[in-house]
Ligand code: TTP
């Protein structure tokens, strides 16, 4: 079966992280977010992958090329992002026979996608506590009977988990009417498939839709937790490694470092001397964590530097960020409330008691900068030495 993977979106809610890299190319453990989706589809038996690309499309093309893991990769360009059905329709020339559709910014449980592919027509669903925020599926004993978008009174707690196996006939049903929110939506294609076929609900245990920056941390928590420990880099005898830790070839871990996994130190990165890394941390390619720096539960993208005497907790640092000596991130509010973050101009709860900062590419802080919880620093933003930054910039 072919798998169409949607990766054309701009990722406005994850800003400032989706700048030069589109959201599907943001780092999740040892590959881009989209790499996990592509791998899941190939492992489930996809014989061809069609990537729908648009925003910053070249970054996707140059990573996957025309063949990946011996599987042909095709591209369909969606010039304007008008919805998920519109995106699949952009790939219609590649479609023949049954096809799967997955989101390029979602992490899926492998067993669920394996089952999805063998049960076509099928859709993945997950039990959630607040179904009113999702597309909600109704089912009888064996089949899906209905799907309703964000209903006030959800008929079940089964949310649409964004993975579909469609019969060949669905190709003719991709041109759906515009939805209330002004998009052409894949759930309207699914509604027709439900009317015409028995659609199997595949209930999944785990699924993650990466829309906002803290969900990128959750994605890393998930995938770093699955790493097999491996030391291919240069690790000092005077470093202490505990739990699942991967040090890639060309990475260096110097004396006095304590690394508590899950942690991944990527090629060309250096850690230490005397640094402390703990709790689901990714140190990206060529990143530097220097003397007396503590990094906890964070993502340091390629080329990010936290040189000395700093603390970074529950944070995401974009490419080539440079934190000056003594930069400290606060990740906990004194009132113990969940940390808030600005998404598309609105302050929203992250649902996390601990959340630090999100720094876009090339951010530079002066020495002794203090950063408050839930802060967003746009790409290229700077601070003066000694500043306390408590407003997004
Ligand atoms: P969304 O998460 O709804 O959109 P987005 O990724 O652009 O993010 P944001 O809302 O923050 O701007 O999209 C779900 C998936 O579908 C995601 O993988 C992107 C993809 N997509 C397209 O490929 N084309 C589209 O027109 C839309 C709306 C989404």
Among the residues that make up segment 93-101, is at least one of them crowded, with 18+ Cβ neighbours inside 10 Å, assigned by TED's automatic domain parsing to the domain that holds residue 50, in a loop (DSSP other than H, G, I, E, B) and within 15 Å of the ligand (Cβ to nearest atom)? no
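Run down 211, 182 and say which single residue is free of Cβ contacts under 8 Å to residues at least 24 places away in the same chain, within 14 Å of the ligand (Cβ to nearest atom) and either in a loop (DSSP other than H, G, I, E, B) or more than 20 Å from residue 4 (Cβ to Cβ) (or both). I'd like the intermediate steps shown before the answer.
Working: 211 fails: free of Cβ contacts under 8 Å to residues at least 24 places away in the same chain.
Just one listed residue meets the conditions, 182.
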Scanning segment 1-14 for residues that are more than 8 Å from the ligand (Cβ to nearest atom) and in a loop (DSSP other than H, G, I, E, B) gives 1
Does residue 174 satisfy the condition of being under 30 Å from residue 48 (Cβ atoms), in contact (Cβ under 8 Å) with a residue 24 or more places away in the chain, in contact with a helix residue (DSSP H, G or I) (Cβ under 6 Å, 6 or more places away or on another chain) and assigned by TED's automatic domain parsing to the domain that holds residue 10? yes
Here is a list of conditions, (1) over 23 Å from residue 19 (Cα atoms); (2) part of a strand (DSSP E or B), and residue 385 meets all of them except one; can you say which number that is? (2)
Residue hits (segment 161-184; farther than 16 Å from residue 120 by Cα, surrounded by 19 or more Cβ atoms within 10 Å (Cβ to Cβ) and within 27 Å of the chain's Cα centre (by Cα)) are 174, 184
In segment 23-69, what residues are touching a strand residue (DSSP E or B) at 6+ places or on another chain (Cβ under 6 Å), within 16 Å of the ligand (Cβ to nearest atom) and over 21 Å from residue 209 (Cβ atoms)? 64
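The values are calculated or read from the model by the stated rules, or taken from the named source; none is laboratory data. Remember, predicted model here, so these are calculated numbers, not experimental data. Glycine gets a Cβ as well: all are built from the backbone with ideal geometry, and neighbour counts include every protein chain shown.
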